[in-house]
Structure formats: structure tokens, C-alpha cells
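Engineer: My questions will all concern the structure given below.
The values are calculated or read from the model by the stated rules, or taken from the named source; none is laboratory data. Note that the coordinates shown come from a computational prediction; the quantities given were computed from them, not determined experimentally. Note that we place each Cβ from the backbone using ideal geometry, even for glycine, and neighbour counts take in every protein chain shown.
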């Protein structure tokens, strides 16, 4: 009785990266060629593994891993793996050596049907050369792709997979191809604008996060806000209209920056101002305790003699507070001649100077105009926020309605749908509360805009703002106008961020010298923690 020779069991493996990169053969063409080869050469095909849109430079391909796992079984289902080219198996030389050695120990070999290499030393050398050429091709191709992407980015096309919050991707025709650009995505761009405005008012990232979450405003991923997400927005140059690509390039090349490539949500000046505030609060630039210090001038006062910062400190078990040079704190008496300053009297002195130099008649008139524009802009943002909340509310109501319809028309028990219903109801309640707040804020802003005399009265009384606002708002206001206060024995120099108006006592100068009277240099009497730590603002009113 004749017995036919047993046929070698084989697995076929086919792979393509993408239509743009793999110009050789499609998956269907590879499989057709592999099946024909197997039929002609007496193989019995028992498995077919296909990876589409998977790079040959990575080993973590779903079907590739499955093929290696099955090859590692006690009884492997195949004795040989057929590929169209060795590059389909892998494009990394170290992967080829490792995986082929592992397979060879299991008695399984990898065969290219177009690149012949046998088990002789010459054959193995030829196989290694082919794999090296494949790897070179892959590396060269990657460079070409990066070069093309740099060119596209330099022409203002947006190459990242997801558009940043406040934008959406639109495709335009460019040389017969469709390429993506960014355009504004209302009303979500209003959320970004509001985040920057809160930061410009001096609110910390944590305060911004709490506000957004309390009002039920979803993040870009539709979830609750985190500090990292807000920081990423505040430091993303795209919001000032600058397109940046290649910040994480591994080849050491400089990133591509294209100005005015994207519709800006904030001005360049606003973005830089926020960036300066973030940098000032960064632990590498400023002590975190100073950024959140309850003392009004923390981080603003420096010693003109030794260059150290003056730090707000306490004495007598917290009964007294004062500003003291960092050299004195670290090295003790005699290390610096700059005196300790009574916190209460020194802060009063600086507030007086700010009132006299900044809150002049000409500035008040400009503030009236700015405030009116700001309030009108805030009202517009509230309307946009309300529209966004109401849009999500409509979606929630539709989803609830669909669930009730399913319950009515099918055998679905209400208990089965209860978790989903509770989730939607909780979100609905949160959104309704946020919508009510927005309507109330909108009504209040509208009422103020309708009363010009209220606006004028508010602007004319800006000095009262410093005396009645909380510590965070007061600090933000001070930092808008004061860059640094340099202190030395007997005097302090206030360096303003901009030249003062003509009707200021110091004219159009950007610095003012002020004498430090004996009472200010007395650091023990007065100025206890009730002055700054608890912000007993009636004391400031008396002083001013």
C-alpha cells in the first residue's frame, strides 16, 4: 500500500503598515502569493496571521504575538512560517535574531518566498544581509516621513491625532491631498478663554479646576478636570495662534514653530503674562509656600544689599509679623544691614503708593472703559457657557427618554436600567444647577451693564478693592503693576511693570523711591497675624 509523504504544516504571515508606507503588496496579494507557493511546494497551510496598519519595527503586533505564542506551545500547530519578504516578519535586526533563534529552538524556521536563504552558513549570512537592508530601509523611510511631516507643519498643517480643546480639525485640499488645519470650535473655545481669564485674574490652577468642576463643565475628554489638564492648556502655544510641532523629536532637531497659523483664542501678551505667572509659581523658581503665602507682599520684596528675598515671618508665638531678609533668617544678626519691616505698616505704605501712583484720574477713566468691555465680554461668555450646558442637558434628557421607551416596549426590568438612570439623573441635576448659576450671573452682569453709574462708581473706588478683596485678588492686582520692591536701610524702591501716567506724583517714571520711617522699621510693635494672616480688613481701612 502506497503512503504519501507527510506534508509540512505551515503558517502564513502577512503584514502591511499603511497604504502610504507599504508600496510592495497588499495583504490580499501577499496571501495569494503565499498560498500559491505553499500549494506548489507541498506545504499544508494550517494557520494564517494578518497584521494590518502595524509597523514592522515593533514586536507588539496582535497577530504576530499570537503566532509566536502558538509556536511556543508544547505541540506547535505548524513547522514553518512563510512570509512574502523577511521585512514582513520584522524590520529590526535584533528582533529578527531573537525571534528566529527562539523559533529555531522549537524546530520552526521562517522562510521568505521571494528571498531565498538556506540553513548553510552562506544562506544565514545572506539572510542577515537582507534583514540589515530592511532595517536600513525602515530607518531611512522614517527619516523621510519625519522630513515630510516637518514640511507640512512648517506650512501650518496640524499633524497631531486630536485637536486641542477649543479647536476642531478641518481638511483642505493641498496638491491633490487632504491636509488638516485647525479652526475654532464654538462654544468650547469659550471654555479655554475663560480658563485664561481666571488665570490672568490671579487664580491658581487648583482654583480654576474647582470652578470648572463645580459648574459641571466637562474637560476635553468629557470627564472631570485635573490640574495637569489646565496647566497643559495654559502652556500650549496654539492658543496664541502659534503652531508647534516636534517638541519631542528624538533626532535632536529643533521644533517647528509657525506664528499666526491658527486662530488665536488669547493674545500673545495674555499668553506670555500667564506663562510668566506659571513660571513664577513653579517650585524651581519660587518656593511653593511663598506662592500661596497669606502675606500680601510675599515674593515681591527683595534686599538691595545682598540680593536675597525678604520673607514674611512671625515672632512672639505668632503675635507679631514682619518681613525679614533671607540672609538674616539663615545666618543671623549682622549678616545683612537691611532692617526687619513691620508687616502691617510696610504693606500700608506700599498700598498708599499704589493708590497714589496707579489709581489716578486718567487711569480711572480708562478703567471705566475697560471694565465695561470686560463685563460685556463676561456676559457673552456666560451666554456661551449656558448654551453648552443646555445642549448637554438636552442630550441627557433624550437618553433618559430612550431608556424609558425601551422599558415600556420591552421586557427589560427597571432594576436592570437603574444604575444608568441614576447616573444620568445625577448628571442632569448637576447641569441644571450649573445652568441656574449661569442664568443668575448673566442677569447680574446685564443689570450692571444697564447702570453706567454703577460701573463708574466701582472704577472710581478701586482703592477700596485693595482694602476689601481677599488676599489672592489683592496679590494678583499688585503683581499686575509692581514688578519688584527693593529694600535697603532707610528706603524702598518700587519698580512698576509699566510707566505711570502723566498725572502721577512721579510722572511717567517706572520706579518710585519711598522713605522707610522708624515705625515701618519697628518689627515688634503692631503688625500681628490679624493684619495679614487673617486679613482683618477693617485695620487696613483705618490705616488708609
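Engineer: Counting just the residues of segment 260-281 that are free of Cβ contacts under 8 Å to residues at least 60 places away in the same chain, in a loop (DSSP other than H, G, I, E, B) and touching a helix residue (DSSP H, G or I) at 6+ places or on another chain (Cβ under 9 Å), which one comes out surrounded by the most Cβ atoms within 10 Å (Cβ to Cβ)?
Structural biologist: So the residue we want is 264.
Engineer: Right, another one. In the list 413, 384, 429, which residue meets the criterion of being at pLDDT below 80 and exposed (fewer than 13 other Cβ atoms within 10 Å of the Cβ)? Even if it seems obvious, please write down each step before you answer.
Structural biologist: Details: 384 fails: exposed (fewer than 13 other Cβ atoms within 10 Å of the Cβ); 429 fails: at pLDDT below 80.
It is 413.
Engineer: Looking for whichever is in a helix (DSSP H, G or I), in contact with a helix residue (DSSP H, G or I) (Cβ under 6 Å, 6 or more places away or on another chain) and either surrounded by 18 or more Cβ atoms within 10 Å (Cβ to Cβ) or outside the structural domain of residue 385 (by TED's automatic domain parsing) (or both) here; the options are 238, 230, 191. Which one fits? Please lay out each step first, then the result.
Structural biologist: Values: 238 fails: in contact with a helix residue (DSSP H, G or I) (Cβ under 6 Å, 6 or more places away or on another chain); 191 fails: in contact with a helix residue (DSSP H, G or I) (Cβ under 6 Å, 6 or more places away or on another chain).
After ruling out the rest, the residue left standing is 230.
Engineer: Those residues that are outside any strand (DSSP E or B) and touching a helix residue (DSSP H, G or I) at 6+ places or on another chain (Cβ under 8 Å), I need them from segment 73-85; list them, please. Even if it seems obvious, please write down each step before you answer.
Structural biologist: First, pick out the residues of segment 73-85 that are outside any strand (DSSP E or B): 73-79, 84-85.
Passing the criteria: 76, 77, 78, 84, 85.
Engineer: Name every residue in segment 154-179 that is in a strand (DSSP E or B) and either touching a residue at least 24 places away in the same chain (Cβ under 8 Å) or under 22 Å from residue 254 (Cα atoms) (or both), in order of residue number. First the steps, then the outcome.
Structural biologist: So in segment 154-179, the residues in a strand (DSSP E or B) come out as 167-174, 177-179.
167, 179 - these are the residues of segment 154-179 that are in a strand (DSSP E or B) and either touching a residue at least 24 places away in the same chain (Cβ under 8 Å) or under 22 Å from residue 254 (Cα atoms) (or both).
Engineer: Please find, within segment 246-257, the residue that is nearest to residue 152 (Cα to Cα) out of those that are in contact with a helix residue (DSSP H, G or I) (Cβ under 8 Å, 6 or more places away or on another chain) and modelled with pLDDT of 85 or more.
Structural biologist: Just the residues of segment 246-257 that are in contact with a helix residue (DSSP H, G or I) (Cβ under 8 Å, 6 or more places away or on another chain), to begin with: 246, 249, 251, 253, 256-257.
From what's left, modelled with pLDDT of 85 or more: 256-257.
Numbers: 256: 10, 257: 12 Å.
Once the filter is applied, the top-ranked residue is 256.
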